[in-house]
Amino acid sequence: MIFSAPLGPGRVARQHVCQAGETLQWAMYRRTFYYAVKGLDRLGAPSRSLLAKGMSAVGSGVAEFTLALTGGGDESSDKAPDADHLIFGPAGDSLAVRTMSRFKPGRQERLLWALTSERLVIAVRVQAAAPEPEPEPKSFLGKAIEFGKDIGKILADNRMKFGDNVEGEPIDVPQYRVVVEIPRAQIAEARPDRVVLVDGSGFEFLLEPPAVSEKDAGIVRKELTKHWLRRGENLVLGLAPVIGYVGAVVAGSLHVPWTATGPMPPLELGKLRWPLPAPPSPQDWLDDPTLGYWVEAPATSSLAMQFADHFAFSRGNARLAVSDQRVAVVYPTHLFEAKPSNVFTTFAEIPRTAVRSLETVFTGCTLPAHPVVRLTFADGSRLHLRQP
């Protein structure tokens with residue numbers, strides 16, 4: 001379940017890194033780096049061992065270093081953490097090497113990297129100060145009372161935990177402090193996976209492709225093809241259920257989370273035990289692990305809102321289905337009937353012509369980027385769904 005994930009770096013960078021007038025271009029969390037610098041070993045010590053192999057870390061040669069520097073060919077580094085970014089350059093005194101001198105290579109430390117319209121920034125997390133301990137009771141009775149209170153607190157707090165996130169509490173926006181700034185004047189080239197400085201040194205980011213389960217996608221397609229399609233129909237898109245809240249901007253007003261306003265199916269779902277969304281940031285909604293959907297609509301009567309109502313109400317039990325003839329929300333029929341006569345029950349069905357476009361897009365500033373399914377309806381409203 002995605003609820004255990006931390007708030008994404010784009011959302012955090014926009015709040016704690018960007019200054020007035022700056023535009024955020026991308027942000028990412030990185031943990032471990034090594035050097036791929038001429039004259040240095042991967043931990044930054046003077047060495048010629050890599051040069052003896054005829055390798056060069058300058059420019060496009062960085063890729064040749066990746067296997068050795070991430071532990072894939074070095075028996076002595078079996079237990080060393082893999083790199084998710086590399087520092088390259090023509091010499092040990094290059095700009096990128098000097099920039100990273102305050103950090104230790106090979107160490108696991110979450111750093112927030114962000115590229116804005118004005119600078120490249122590295123920020124570190126600021127740990128919250130621990131509360132002052134209460135004075136310890138001196139008497140036996142006092143200790144017994146305090147022990148009873150502690151036990152009571154433990155027994156009383158039966159909320160579900162999702163990593164650091166807790167049922168009924170908003171996702172935390174962690175504090176980050178900027179420790180390195182590289183002005184745009186010192187940047188020769190900037191891409192999501194690579195930043196080159198004016199002296200030829202720079203940073204290579206080893207971005208992981210988003211995980212997609214073809215097995216799960218195949219199961220969904222098979223189920224909908226067999227149990228939902230009508231004769232002569234072809235399946236265009238079938239998504240597994242997306243678990244999460246709906247965020248919405250309706251008639252210019254922000255609603256996070258959105259609550260269904262229309263009539264809903266007779267479904268009893270019990271107590272909701274999810275964490276709450278972080279303070280809303282529409283452009284970074286995908287960074288919030290509690291949000292599964294985002295809607296933009298001119299009115300509550302818009303087509304996108306009819307779908308959003310079901311996704312907000314169903315808590316992940318409903319799914320989107322699109323054929324070449326219609327678009328609908330489908331529920332498993334067993335939720336309504338003890339002995340169902342069919343597998344799926346359809347709601348909010350509209351003709352396929354009511355959807356102007358159906359596309360997979362990348363939204364937000366977080367890297368690695370993750371795909372989102374976006375439906376734009378004929379009335380101008382739009383529905384975004386996180387890829388399961």
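Looking only at the range 64-97, how many residues end up being modelled with pLDDT of 50 or more, of a type outside the set (Asp, Glu) and surrounded by fewer than 14 Cβ atoms within 10 Å (Cβ to Cβ)? Summing the residues that are modelled with pLDDT of 50 or more, of a type outside the set (Asp, Glu) and surrounded by fewer than 14 Cβ atoms within 10 Å (Cβ to Cβ) in the range 64-97 gives 1. Residues in the range 335-358 that are modelled with pLDDT of 95 or more and open to solvent by 70 Å² or more (accessible area, probe 1.4 Å): how many? Residues that pass the stated criteria total 4. Kindly indicate whether any position in the range 135-149 is open to solvent by less than 90 Å² (accessible area, probe 1.4 Å), at pLDDT below 90, assigned to a helix (DSSP H, G or I) and closer than 30 Å to Arg374 by Cβ. Checked the range 135-149: no residue is open to solvent by less than 90 Å² (accessible area, probe 1.4 Å), at pLDDT below 90, assigned to a helix (DSSP H, G or I) and closer than 30 Å to Arg374 by Cβ.
If you go through the range 174-201 and pick out every residue that is in contact with a Ser or Thr (Cβ under 9 Å, 6 or more places away or on another chain) and farther than 11 Å from Leu115 by Cα, you end up with 5. If you go through the range 219-242 one residue at a time, do you hit one that is under 29 Å from Trp113 (Cβ atoms) and either open to solvent by less than 30 Å² (accessible area, probe 1.4 Å) or touching a residue at least 60 places away in the same chain (Cβ under 8 Å) (or both)? Within the range 219-242, one or more residues are under 29 Å from Trp113 (Cβ atoms) and either open to solvent by less than 30 Å² (accessible area, probe 1.4 Å) or touching a residue at least 60 places away in the same chain (Cβ under 8 Å) (or both). On inspection, Pro332 passes the criterion of being free of Cβ contacts under 8 Å to residues at least 40 places away in the same chain and either closer than 24 Å to Val250 by Cβ or open to solvent by 20 Å² or more (accessible area, probe 1.4 Å) (or both).
Every residue, every condition in (1) assigned to a strand (DSSP E or B); (2) touching a residue at least 24 places away in the same chain (Cβ under 8 Å); (3) touching a helix residue (DSSP H, G or I) at 6+ places or on another chain (Cβ under 6 Å); (4) among the aliphatic types (A, V, I, L, M), yes or no:
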{"residue": "Pro279", "(1), (2), (3), (4)": "no, yes, no, no"}
{"residue": "Asp284", "(1), (2), (3), (4)": "no, yes, yes, no"}
{"residue": "Pro289", "(1), (2), (3), (4)": "no, yes, yes, no"}
{"residue": "Val295", "(1), (2), (3), (4)": "yes, yes, yes, yes"}
{"residue": "Ser301", "(1), (2), (3), (4)": "no, no, no, no"}
{"residue": "Ala304", "(1), (2), (3), (4)": "no, yes, no, yes"}
{"residue": "Phe307", "(1), (2), (3), (4)": "no, yes, no, no"}
{"residue": "His310", "(1), (2), (3), (4)": "no, yes, no, no"}
{"residue": "Ala321", "(1), (2), (3), (4)": "yes, yes, yes, yes"}
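For beta carbons closer than 7 Å, sequence separation of 6+ or different chains, a first residue in the range 339-362 that is of a type in the set (Gly, Ala, Ser) and a second that is modelled with pLDDT of 95 or more and open to solvent by 40 Å² or more (accessible area, probe 1.4 Å), the qualifying pairs are Ala348/Gln306; Ala354/Ala378. The set of residues in the range 251-273 being open to solvent by less than 40 Å² (accessible area, probe 1.4 Å) and farther than 23 Å from Glu296 by Cβ consists of Pro265, Leu267. Scan the range 7-25 and give yes if some residue there is closer than 30 Å to Val242 by Cβ, at pLDDT below 90, open to solvent by 40 Å² or more (accessible area, probe 1.4 Å) and of a type outside the set (Val, Ile, Thr), otherwise no. No, the range 7-25 contains no residue that is closer than 30 Å to Val242 by Cβ, at pLDDT below 90, open to solvent by 40 Å² or more (accessible area, probe 1.4 Å) and of a type outside the set (Val, Ile, Thr).
The values are calculated or read from the model by the stated rules, or taken from the named source; none is laboratory data. Being a predicted model, the structure only gives us computed values, none of them experimental. Heads up, the Cβs are rebuilt from the backbone with ideal geometry, glycines too, and the neighbour counts pull from every protein chain shown. Accessible surface is based on the protein model in full, side chains and every heavy atom, while ligands, DNA and RNA are left aside. Shrake-Rupley method; radii C 1.70, N 1.55, O 1.52, S 1.80 Å.
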